[in-house]
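Here is the structure we will look at, set down as structure tokens.
What follows draws every value from the coordinates through simple rules; no lab data is involved. Everything quoted here is computed from the prediction, not taken from an experiment. For neighbour counting, all protein chains shown are included, and Cβ atoms are generated from backbone atoms with ideal geometry for every residue, glycine included.
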Amino acid sequence: MGYNIVLIEPEIPMNTGNIGRLSLATGATLHLVKPFGFKIDDTRLKRAGLDYWKHISLHIYESVEDFYAKHQGKDMVYFSSHGTQDYWSVDYKDDMFLVFGKESVGLSQEIIEANTGSVYKIPVLSNKVRSLNLANAVSVVVYEGLRNIR
């Protein structure tokens, strides 16, 4: 039982490190899609993931195309502030791919347009906040998913 957490072009090593620790804690597999905004051996990445990093189930892809080529036909849902459905309305399933974009701009318009029926958002109730921190957003979604399949 577990999810696949996908980070497309992550930029901040501390977020990725925290998400790595979350993936281990929840039995998820972490998929990182290049290019990254950091080096995979960045000390900030390791520090955020603590000594758990060596235990994480991790897959790295050279590009978005590489990722999709290896996971054609898999059950994927996407998370973006541009989503029209709330994250709690996802029909969560074991082994589902939960896809998140990079911190600065989120998912590309191309990915959003190609998957319009599968793009969800986490509501932000203040007009002074554009979006949540990526590590927080992933945590919210993964634990909602676990709640739904348990």
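Computed values, structure above
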{"quantity": "Alpha carbon centroid spacing (whole Å) that separates the range 1-24 from the range 46-120", "calculated": "10 Å"}
{"quantity": "Helical contribution to [θ] at 222 nm, DSSP H n ≥ 4, -39,500 (n - 2.57), averaged over the chain, rounded to 500", "calculated": "-10000 deg cm²/dmol"}
{"quantity": "Linear extension gain, residue 70 paired with residue 25, 0.36 nm per residue minus alpha-carbon span", "calculated": "13.7 nm"}
{"quantity": "Residues of type lysines that residue 74 reaches as a straight line, Cα spacing below 19 Å, ignoring anything fewer than 8 places off in the same chain", "calculated": "93"}
{"quantity": "By average C-beta atoms within 10 angstrom, highest first, the peptides 9-17, 106-114", "calculated": "9-17, 106-114"}
{"quantity": "Low-density loop cleavage sites - trypsin sites (Lys or Arg not before Pro) in the range 103-141, where at most 10 other Cβ are within 10 Å (DSSP)", "calculated": "128, 130"}
{"quantity": "For the chain, size of Cβ-based charge dipole, Lys and Arg +1, Asp and Glu -1, in debye", "calculated": "520 debye"}
{"quantity": "FRET efficiency, residue 63 to residue 133 (Cβ-Cβ, R0 35 Å, nearest 0.05)", "calculated": "0.90"}
{"quantity": "Extension reserve of the residue 105-residue 140 stretch, reckoned as 0.36 nm per residue once the Cα distance is removed", "calculated": "10.7 nm"}
